[in-house]
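Colleague: I have a structure here, written as structure tokens, and I will follow up with some questions on it.
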Amino acid sequence: MEPIRLLIADDDPIFVKSLIKSLTSDSGIEIVGIAGDAPETIRMAVELQPDVVLCDVSMPGGGGPVACVGIRESAPTTRVIAHSMYDDRGAVMHMVRAGAIGYVLKGSPRDLIVSTLDRARNGEASLSGHVASLVVNELSATLRDHEREAERRRQDLAAIRRLASGDGIEVRLEPIVDLVLDSPVGVEAIPWRPSLVGVEGETLESWMATATSVGYGAELDVAMARLCLAKLDDVPPWAWRAIKVAPTTLLDPAFADGLRAQSPETVCLEVGDWPAGDYDQLRRALDRIRGPKVTLAVDGLGSSGSALRQVAELRPDFVKLHPWVMERGLRDGFSPELVKAMANLVTEAGSQLVVCGVHNEAEMQMLRDLNVRFAQGRNLARATGAGPFGQDNGGEPPIAIAK
């Protein structure tokens, strides 16, 4: 049988000299090189392609684990045996996680070292009883973690599917008001209360994150859009009817076909605060959808960079300012200059600004003073003193909604 081609990786020259003297007395061992640190060990393993590397756990350059990972990636046919002066279970486990298939204590009898090297060359693991027990325990813990994660994903998928069916979902209609005319001009349909079906979070974005993690994101978004559109059936035909959709949903041709079939009236599609990916592809999809009956809004300006880029890339009809500006900004004395700057940005993009999270007349007046035209909030229909959606004007739209 061919001798075992061995690379020794250790920075202790006295120990290395003693080890070489011990191993060279056996004709079955051929020492092909000696390395003193982790980078040199990796380089020599790649150059020499030894059968086995006997690797010191704590040598310089990152230690044995760094060398082990490098060898596994760059010289995958070479096996690694961990070598340590101390019976350090933690250090050995680091080596095993990095890819070592065996462990031998420094000072072990020559026959034990040779037999360990021989088993390693043949791809057989060689671990002492206590180290083997550690490996088994860690593997068992990992399997339990995987089982718990798989069960969590099964539960999440079942909950998301119930959510997509409408189980436990309510759709809240949130008015959009013209601050100049003091009249509601539209409404956004917002799905909420998912806790009844076991999905964490109270917003569409949080449900979408869960759905995407279990591979059901597109299906959930389409289902929520259809649910919201159905809720808008009783809204007057001239009103701004807004629903939130993910960019991936807008790319689905079936969604566009279903939108035309289900909603013959004016609809505003709000692109939520999700990265869009390929904007050229999204613009082409929107060109097929947008028109006199279908307008576009970008939601969440001020919350992240995604909305700002969407404004620049998609040139929407409307841009919605994130509610935090009202909730944490203007009410806490935050400078109105921020709202003015965002209003100017939106105007430059050829869009109209809608400030969300507005609750009362005082806040509406604050926005009027800033020349903001539109506001959105759950109580605004009552705050204006007008009937819902301009019912006091004979059902005619107070303004033109589409551009």
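The values are calculated or read from the model by the stated rules, or taken from the named source; none is laboratory data. In this text the structure is predicted, and so the values were computed from the model without any measurement. Reconstructed Cβ throughout: ideal geometry from the backbone, glycine too, with neighbour counts over all protein chains shown.
Residue-by-condition table, conditions (1) under 25 Å from the mean Cα position of the chain (by Cα); (2) assigned to a helix (DSSP H, G or I); (3) modelled with pLDDT of 85 or more:
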| position | (1), (2), (3) |
| --- | --- |
| Gln310 | yes, yes, yes |
| Arg328 | no, yes, no |
| Lys340 | no, yes, no |
| Asn344 | no, yes, yes |
| Val358 | no, no, yes |
| Met364 | no, yes, yes |
| Asn371 | no, no, yes |
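Colleague: For the range 48-65, give me the residue count where each residue is surrounded by fewer than 20 Cβ atoms within 10 Å (Cβ to Cβ) and either within 21 Å of Gly123 (Cα to Cα) or not assigned by TED's automatic domain parsing to the domain that holds Val16 (or both).
Modeller: 2
Colleague: Now a separate question. From the list Gly90, Gly107, pick out the single residue that is more than 39 Å from the chain's Cα centre (by Cα) and either among the small types (Gly, Ala, Ser) or surrounded by fewer than 16 Cβ atoms within 10 Å (Cβ to Cβ) (or both).
Modeller: After ruling out the rest, the residue left standing is Gly107.
Colleague: What's the number of the only condition in (1) touching a Leu at 6+ places or on another chain (Cβ under 9 Å); (2) at pLDDT below 85; (3) under 25 Å from Thr212 (Cα atoms) that Leu314 fails to meet?
Modeller: Among (1) touching a Leu at 6+ places or on another chain (Cβ under 9 Å); (2) at pLDDT below 85; (3) under 25 Å from Thr212 (Cα atoms), the lone unmet condition for Leu314 is (2).
Colleague: If you don't mind, there's one more thing I want to ask. For the condition polar (S, T, N, Q), assigned to a helix (DSSP H, G or I) and at pLDDT below 90, what is the one hit in Ser22, Ser27, Ser58, Ser108? Can you show your working first?
Modeller: Working: Ser27 fails: assigned to a helix (DSSP H, G or I); Ser58 fails: assigned to a helix (DSSP H, G or I); Ser108 fails: assigned to a helix (DSSP H, G or I).
Criteria check complete, one pass: Ser22.
Colleague: Moving on to the next point. Looking at Gly385, is it at pLDDT below 80 and of a type in the set (Gly, Ala, Ser)?
Modeller: Yes, satisfied.
Colleague: In a helix (DSSP H, G or I), of a type in the set (Gly, Ala, Ser) and closer than 20 Å to Asn122 by Cβ: does that describe Ala45? I'd like the intermediate steps shown before the answer.
Modeller: Values: in a helix (DSSP H, G or I): yes; of a type in the set (Gly, Ala, Ser): yes; closer than 20 Å to Asn122 by Cβ: yes.
Considered against the rule, which asks whether it is in a helix (DSSP H, G or I), of a type in the set (Gly, Ala, Ser) and closer than 20 Å to Asn122 by Cβ, Ala45 comes out as yes.
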